[in-house]
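To start, the structure under review is shown below, and the notes come after it.
The values are calculated or read from the model by the stated rules, or taken from the named source; none is laboratory data. Note that the structure is a prediction, hence the values are computed from the model and not measured. A quick note on method: Cβ atoms are made from the backbone with ideal geometry, for glycine too, and the neighbour counts reach across all protein chains shown. For accessibility, only protein heavy atoms count, side chains too; no ligands or nucleic acids. Shrake-Rupley method; radii C 1.70, N 1.55, O 1.52, S 1.80 Å.
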Amino acid sequence: MGVRVKTGRTLLAIALGLSMAVGAAHAGSYPDIGPLPQIKINKAKAELGKRLFFDKRVSGDAAISCATCHNPKEGWSQNQALSDGYPGNGHFRNSPTLINAAHKKSWNHDGRIGTNLNDQTREMITETYIMNMDMRIMQERFKQDPLYVKMFKDAGYGEPSNGSVRKAIPEFLKTLTSRGAPFDTGKMSGAAKRGMKLFKGKAGCISCHNGPLLSDGKPHNTGVPENFDVFLDPNNHQAFIAFTMFQGIPNYMNLKRDPGFYNITLDMADMGKFMTPSLRELKYSAPYMHNGTINTLAGVVDFYNRGGGKDSRKSDQLKPLNLSNKQKGDLVAFLESLSGDRLTSSEHVWNKSYPDEYPAIQNWQHARN
Amino acid sequence: MKKIMKYRHAVLAASISTVLLVGCNANATKESTSAVVKAAPAAATTMSMGPAKLEPLGPPPIPADNLQSPGKIALGKVLFFDPRIGGDASTGCSTCHEPDQGWAWAEDFSRGYPGTVHWRNSQSIINSAYYPRLFWAGSASSLEKQARSAARGGVAGNGEADLMEARVALIPEYRKQFKEVFGTEWPLIKDVWRAIASYERTLIQLDTPIDNYLKGDKSALSEEQIRGKVIFEGKAGCIQCHNGPLATDLKFYNVGVPASPRWQDDGLAQITFRFEQYAKGMTQEGYRKAKDDWGYYYRSKNSWDKGKFRTPTLRYVVYTPPYLHNGMLDTLEEVVDFYNRGGRMEDGSTTSFPQNKSDLIKPLNLSDQEKEDLVAFIEAFSGEEILVAKPELPDYAPLFTKAELEAAQEAK
């Protein structure tokens with residue numbers, strides 16, 4: 001299918017370039033954690049993007065929307081270990097929160113999209129096991145919806161087109177920026193402040209989770225165990241096979257682990273590495289890790305306290321931490337202070353209904369298509 | 001617009017009419033120059049010379065690189081009925097080619113992939129094995145290629161090769177059968193198409209009244225059918241295009257079918273209409289202006305091919321209403337009336353491309369009796385209805401055991 005250009009290895013070169021630049025900061029001095037920069041937003045475009053984000057007609061069989069897997073009420077993610085898939089299949093990874101996605105430089109747990117959110121949006125819409133949409137049909141659907149025709153025009157895009165869908169949705173994603181997190185407003189509890197000290201000090205989290213997003217934007221192997229449901233449920237496994245087949249992973253039929261960043265480099269040194277996620281807005285987006293195998297933030301802290309998981313290629317930055325229960329509680333309090341408003345009001349959620357049918361274009365015979 | 005219609009048998013009044021046999025030679029038409037078709041071997045032998053005639057149907061051509069075997073056919077049958085061969089596991093081949101709807105879909109436009117409607121009438125699978133070019137406008141050159149594009153098309157199966165191949169691989173019964181039939185360790189998607197094509201090559205009908213008649217059983221046709229045959233081959237001139245063993249010359253003509261009214265007033269159909277212009281590689285200007293199905297033009301890009309479609313077989317049509325590429329006519333009586341008016345609908349409307357309309361299509365001046373006889377004769381191309389029990393679909397099963405996964409986890 002001509003339009004289903006998939007984004008693979010080439011884009012990642014760019015992602016790597018970017019993370020190399022960050023990596024220049026040498027051991028011990030890390031980009032400071034702090035508030036996120038403001039992003040300028042075009043209101044008409046973002047409003048259009050909002051309607052699109054919640055619109056099931058963006059998927060091939062018109063059964064799911066972006067919000068199905070990135071649900072505002074579930075922290076703009078899904079409160080289940082493995083994300084839903086397109087109807088007829090499952091998925092093999094956890095659906096990440098989309099709050100602050102616009103501040104990132106590369107996307108997905110393996111960072112395979114390293115260009116821009118426009119490409120990430122296309123990946124979501126056209127990927128077989130996500131939304132399975134032939135964008136040419138999508139475009140014609142929206143040309144058949146009078147409100148879209150008006151909104152695309154008002155946004156300065158002219159007639160609805162798949163190109164402008166891929167611009168408007170990212171504009172909407174920009175509106176999903178952390179707001180009111182105690183960490184940003186200065187209203188942190190005593191426990192959270194103590195936790196921050198541990199985070200930067202004894203617990204060593206800062207070496208990977210740094211900068212305004214609390215992420216170095218780089219892949220690391222932390223030894224997170226596999227989620228066996230990826231393989232034991234054939235609905236999930238089929239999506240995993242399709243994915244690894246497409247990525248060109250050798251012997252993909254026999255793979256029993258998510259290769260992570262190896263997908264991109266095909267270098268065994270990268271096997272099992274995943275992108276350091278942002279630590280913002282995690283309060284409502286449980287479970288955690290690329291495959292949702294850890295249910296709570298306390299569970300994540302326990303995981304690090306044990307020195308991470310088991311993997312011969314695990315990062316040597318991870319060592320048992322010997323934290324007391326009180327220290328673990330403080331660390332969790334700090335992680336929670338990084339979450340703010342849930343962004344579930346109509347400012348961010350399209351609450352109006354969508355038409356059940358497409359009205360016919362009047363005087364079709366003489367109208368220009 | 002739900003129109004699940006079954007063929008109504010016409011009441012035939014007995015009367016005798018004499019018709020003149022008009023000389024006809026399908027090769028002496030301007031259409032023959034624009035038709036880039038290679039006839040299937042079975043058809044070719046009988047189409048070569050002399051005035052076109054009807055022939056009994058023999059076995060279908062079998063491609064040397066996809067020979068029939070019982071195992072392959074059995075596998076193809078299950079795959080044909082398996083909706084997992086499609087995007088969201090709801091829409092397989094049999095979804096739009098329902099055995100009890102003539103192995104097609106009994107609405108004007110075929111149902112589409114969920115959320116869409118198709119833009120053409122679904123064609124019967126019965127006897128599709130004989131066509132050298134598949135689809136109304138002949139855009140696929142083998143059943144194997146046809147199956148692949150049907151399963152992937154945005155308003156048809158909307159499936160992707162990688163995911164469909166993965167699905168088949170996770171069904172142990174399929175893995176076993178693919179290994180037996182194709183000898184591969186893992187099922188390959190191209191072999192899915194080959195197995196389906198093999199099954200389709202068994203969906204044929206050789207014992208219709210016309211076959212029996214042409215093979216010498218003069219009692220196989222009724223009185224009126226025999227009269228209808230004379231009209232078909234004479235005054236009505238149908239034989240000029242509907243000839244040979246498949247009752248088609250396999251060429252492309254514009255017989256005067258107008259644009260579907262669905263495009264005037266159905267929003268979902270308008271969406272698919274525009275999508276198809278894109279999908280078929282129209283120019284920007286063509287996309288903006290098209291208001292009808294351009295048919296064979298999409299392949300040839302010659303303006304004189306606009307509105308041309310492949311002459312379809314008349315076999316099995318009793319079970320496959322509605323008729324024509326856009327399903328505009330509900331009954332065979334209506335089709336005969338259409339031809340009798342010189343390729344016009346009841347309201348006088350005709351093709352959007354009148355300059356391309358075949359010279360062979362002219363008002364016929366048939367009497368009511370002649371029309372009835374003709375319909376009766378068309379019925380002689382259909383035998384018993386072909387119905388099959390839907391096969392049971394094999395289940396998915398995990399590929400690995402928990403113990404294997406645990407061992408892999410330990411070995412990390």
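Show the residue pairs that are 6+ apart or on different chains and have beta-carbon atoms under 8 Å apart, the first residue being within the stretch A:129-140 and more than 9 Å from every other protein chain (Cβ to nearest Cβ) and within 26 Å of A:Thr244 (Cα to Cα), the second being of a type in the set (D, E, K, R) and in a helix (DSSP H, G or I).
Pairs that qualify, where the first residue is more than 9 Å from every other protein chain (Cβ to nearest Cβ) and within 26 Å of A:Thr244 (Cα to Cα) and the partner is of a type in the set (D, E, K, R) and in a helix (DSSP H, G or I), are A:Ile130/A:Glu123; A:Met135/A:Arg122.
Tally time: how many residues in the stretch B:226-281 are of a type in the set (Lys, Arg) and within 22 Å of the chain's Cα centre (by Cα)? Spell out how you get there, then give the answer.
So the first thing to find is which residues in the stretch B:226-281 are of a type in the set (Lys, Arg), and the list is B:227, B:229, B:235, B:251, B:262, B:274, B:280.
Subset that is within 22 Å of the chain's Cα centre (by Cα): B:251, B:262, B:280.
Going through the stretch B:226-281 one residue at a time, the tally reaches 3.
Among the residues of the stretch B:346-361, how many are surrounded by fewer than 19 Cβ atoms within 10 Å (Cβ to Cβ), farther than 16 Å from B:Asp292 by Cα and in contact (Cβ under 8 Å) with a residue 40 or more places away in the chain?
Counting residues in the stretch B:346-361 that are surrounded by fewer than 19 Cβ atoms within 10 Å (Cβ to Cβ), farther than 16 Å from B:Asp292 by Cα and in contact (Cβ under 8 Å) with a residue 40 or more places away in the chain gives 2.
Quick test of your reading of the structure: A:Tyr262 fulfils all but one of (1) open to solvent by 50 Å² or more (accessible area, probe 1.4 Å); (2) touching an Asp or Glu at 6+ places or on another chain (Cβ under 6 Å); (3) more than 9 Å from chain B (Cβ to nearest Cβ). Name the failing condition by number.
(1) is the only condition that A:Tyr262 fails.
Only one of these conditions is not met by A:Lys328: (1) assigned to a helix (DSSP H, G or I); (2) modelled with pLDDT of 95 or more; (3) over 27 Å from the mean Cα position of the chain (by Cα). Which number is it?
Exception for A:Lys328: condition (3).
To keep it simple, each residue is scored yes or no on (1) away from chain A (no Cβ under 14 Å); (2) at pLDDT 95 or above; (3) assigned to a helix (DSSP H, G or I).
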{"site": "B:Pro258", "(1), (2), (3)": "no, yes, no"}
{"site": "B:Phe273", "(1), (2), (3)": "no, yes, yes"}
{"site": "B:Glu276", "(1), (2), (3)": "no, yes, yes"}
{"site": "B:Gly286", "(1), (2), (3)": "no, no, yes"}
{"site": "B:Pro312", "(1), (2), (3)": "yes, yes, no"}
{"site": "B:Arg344", "(1), (2), (3)": "yes, yes, no"}
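Within the stretch B:349-359, track down each residue that is touching an Asp or Glu at 6+ places or on another chain (Cβ under 8 Å) and either of a type in the set (Lys, Arg) or within 15 Å of B:Cys241 (Cα to Cα) (or both).
The one that is touching an Asp or Glu at 6+ places or on another chain (Cβ under 8 Å) and either of a type in the set (Lys, Arg) or within 15 Å of B:Cys241 (Cα to Cα) (or both): B:Ser358.
Identify all residues within the stretch B:66-106 that are in a helix (DSSP H, G or I), aromatic (Phe, Trp, Tyr) and over 17 Å from B:Thr202 (Cβ atoms); write none if there are none. Steps first, please.
First, pick out the residues of the stretch B:66-106 that are in a helix (DSSP H, G or I): B:70-80, B:93-96, B:99-101.
Those left that are additionally aromatic (Phe, Trp, Tyr): B:80.
Within the stretch B:66-106, no residue meets the criteria.
What is the one condition in (1) under 19 Å from A:Glu171 (Cβ atoms); (2) away from chain B (no Cβ under 14 Å); (3) at pLDDT 95 or above that A:Val58 does not satisfy?
Going through the list (1) under 19 Å from A:Glu171 (Cβ atoms); (2) away from chain B (no Cβ under 14 Å); (3) at pLDDT 95 or above, A:Val58 breaks only (2).
Assuming B:Leu221 fulfils every condition listed in (1) at pLDDT 95 or above; (2) in contact with a helix residue (DSSP H, G or I) (Cβ under 6 Å, 6 or more places away or on another chain); (3) not assigned by TED's automatic domain parsing to the domain that holds B:Thr272 apart from one, which condition is it?
(3) is the only condition that B:Leu221 fails.
Would a scan of the stretch A:233-242 turn up a residue that is assigned to a loop (DSSP other than H, G, I, E, B) and within 20 Å of A:Lys273 (Cβ to Cβ)?
Quick first cut of the stretch A:233-242, residues assigned to a loop (DSSP other than H, G, I, E, B) only: A:233.
Filter once more, keeping what is within 20 Å of A:Lys273 (Cβ to Cβ): none.
No, the stretch A:233-242 contains no residue that is assigned to a loop (DSSP other than H, G, I, E, B) and within 20 Å of A:Lys273 (Cβ to Cβ).
Does the stretch A:176-185 contain at least one residue that is more than 26 Å from the chain's Cα centre (by Cα) and either of a type in the set (S, T, N, Q) or part of a loop (DSSP other than H, G, I, E, B) (or both)? If you could, list the steps in order and put the result at the bottom.
Filtering the stretch A:176-185 down to residues more than 26 Å from the chain's Cα centre (by Cα) leaves none.
No, the stretch A:176-185 contains no residue that is more than 26 Å from the chain's Cα centre (by Cα) and either of a type in the set (S, T, N, Q) or part of a loop (DSSP other than H, G, I, E, B) (or both).
Within the stretch A:149-158, track down each residue that is without any contact (Cβ under 8 Å) to a residue 12 or more places away in the chain, loosely packed, with under 14 Cβ neighbours inside 10 Å and either small (Gly, Ala, Ser) or within 14 Å of chain B (Cβ to nearest Cβ) (or both).
A:Gly158
Can you tell me which of A:Pro182, A:Pro146 is open to solvent by 10 Å² or more (accessible area, probe 1.4 Å) and away from chain B (no Cβ under 14 Å)?
Working: A:Pro146 fails: away from chain B (no Cβ under 14 Å).
The unique qualifying residue is A:Pro182.
Which of the residues belonging to the stretch B:142-179 are within 12 Å of chain A (Cβ to nearest Cβ), in a loop (DSSP other than H, G, I, E, B) and either on the phi < 0 side of the Ramachandran plot or open to solvent by 10 Å² or more (accessible area, probe 1.4 Å) (or both)?
Of everything in the stretch B:142-179, those that are within 12 Å of chain A (Cβ to nearest Cβ), in a loop (DSSP other than H, G, I, E, B) and either on the phi < 0 side of the Ramachandran plot or open to solvent by 10 Å² or more (accessible area, probe 1.4 Å) (or both) turn out to be B:Gly153, B:Gly154, B:Val155, B:Ala156, B:Gly157, B:Gly159, B:Glu160, B:Leu170, B:Ile171.
Quick test for you: out of B:Phe381, B:Phe338, pick the one residue that is assigned to a helix (DSSP H, G or I), touching a residue at least 12 places away in the same chain (Cβ under 8 Å) and open to solvent by less than 30 Å² (accessible area, probe 1.4 Å). Working first, answer last.
Working: B:Phe381 fails: assigned to a helix (DSSP H, G or I).
Exactly one of B:Phe381, B:Phe338 is assigned to a helix (DSSP H, G or I), touching a residue at least 12 places away in the same chain (Cβ under 8 Å) and open to solvent by less than 30 Å² (accessible area, probe 1.4 Å), namely B:Phe338.
Identify all residues within the stretch A:316-368 that are under 28 Å from A:Thr68 (Cα atoms) and among the hydrophobic types (A, V, I, L, M, F, W, C); write none if there are none.
So the first thing to find is which residues in the stretch A:316-368 are under 28 Å from A:Thr68 (Cα atoms), and the list is A:335-359.
Listed by number, the residues that qualify are A:Leu335, A:Leu338, A:Leu343, A:Val349, A:Trp350.
Looking only at the stretch A:235-249, which residues are closer than 18 Å to B:Leu170 by Cα and open to solvent by 20 Å² or more (accessible area, probe 1.4 Å)?
Listed by number, the residues that qualify are A:Asn235, A:Met245, A:Phe246.
Report the residue count in the stretch B:394-412 for those that are within 11 Å of another protein chain (Cβ to nearest Cβ) and either assigned to a loop (DSSP other than H, G, I, E, B) or among the acidic types (Asp, Glu) (or both).
Our first condition is that a residue be within 11 Å of another protein chain (Cβ to nearest Cβ); within the stretch B:394-412, this holds for B:395-412.
Still in the running and either assigned to a loop (DSSP other than H, G, I, E, B) or among the acidic types (Asp, Glu) (or both): B:395-401, B:404, B:406, B:410-412.
Within the stretch B:394-412, residues that are within 11 Å of another protein chain (Cβ to nearest Cβ) and either assigned to a loop (DSSP other than H, G, I, E, B) or among the acidic types (Asp, Glu) (or both) number 12.
Checking the condition open to solvent by 10 Å² or more (accessible area, probe 1.4 Å), modelled with pLDDT of 95 or more and away from chain A (no Cβ under 14 Å), which residue from B:Lys291, B:Lys306 passes? Can you show your working first?
On the way: B:Lys291 fails: away from chain A (no Cβ under 14 Å).
That would be B:Lys306, the only listed residue that is open to solvent by 10 Å² or more (accessible area, probe 1.4 Å), modelled with pLDDT of 95 or more and away from chain A (no Cβ under 14 Å).
Which residue out of B:Gly115, B:Gly86 is in contact with an Asp or Glu (Cβ under 7 Å, 6 or more places away or on another chain) and within 14 Å of chain A (Cβ to nearest Cβ)? Full working, then the answer.
On the way: B:Gly86 fails: in contact with an Asp or Glu (Cβ under 7 Å, 6 or more places away or on another chain).
Unique residue meeting the criteria: B:Gly115.
Do you know which residues across the stretch B:121-134 are under 21 Å from B:Pro83 (Cβ atoms), open to solvent by 20 Å² or more (accessible area, probe 1.4 Å) and either of a type outside the set (Gly, Ala, Ser) or within 14 Å of chain A (Cβ to nearest Cβ) (or both)?
B:Gln123, the sole residue that qualifies.
Find the residue count for the stretch A:217-233, including only residues that are surrounded by fewer than 22 Cβ atoms within 10 Å (Cβ to Cβ) and within 9 Å of chain B (Cβ to nearest Cβ).
Residues that pass the stated criteria total 6.
Quick test of your reading of the structure: B:Pro391 fulfils all but one of (1) open to solvent by less than 70 Å² (accessible area, probe 1.4 Å); (2) within 14 Å of chain A (Cβ to nearest Cβ); (3) in a loop (DSSP other than H, G, I, E, B). Name the failing condition by number.
With (1) open to solvent by less than 70 Å² (accessible area, probe 1.4 Å); (2) within 14 Å of chain A (Cβ to nearest Cβ); (3) in a loop (DSSP other than H, G, I, E, B) applied to B:Pro391, the lone miss is (2).
Those residues that are open to solvent by 40 Å² or more (accessible area, probe 1.4 Å) and closer than 20 Å to A:Ile361 by Cα, I need them from the stretch A:159-170; list them, please.
We begin by selecting, within the stretch A:159-170, every residue open to solvent by 40 Å² or more (accessible area, probe 1.4 Å); these are A:159, A:166-167.
Within the stretch A:159-170, A:Glu159 is the sole residue that qualifies.
Quick one: in the stretch B:260-271, which of the residues that are assigned to a helix (DSSP H, G or I) and more than 8 Å from chain A (Cβ to nearest Cβ) is most open to solvent (accessible area, probe 1.4 Å)?
First, the residues of the stretch B:260-271 that are assigned to a helix (DSSP H, G or I): B:262-265, B:267-271.
Okay, now just the ones that are also more than 8 Å from chain A (Cβ to nearest Cβ), so B:262, B:269.
On the way: B:Arg262: 22, B:Ala269: 1 Å².
That would be B:Arg262.
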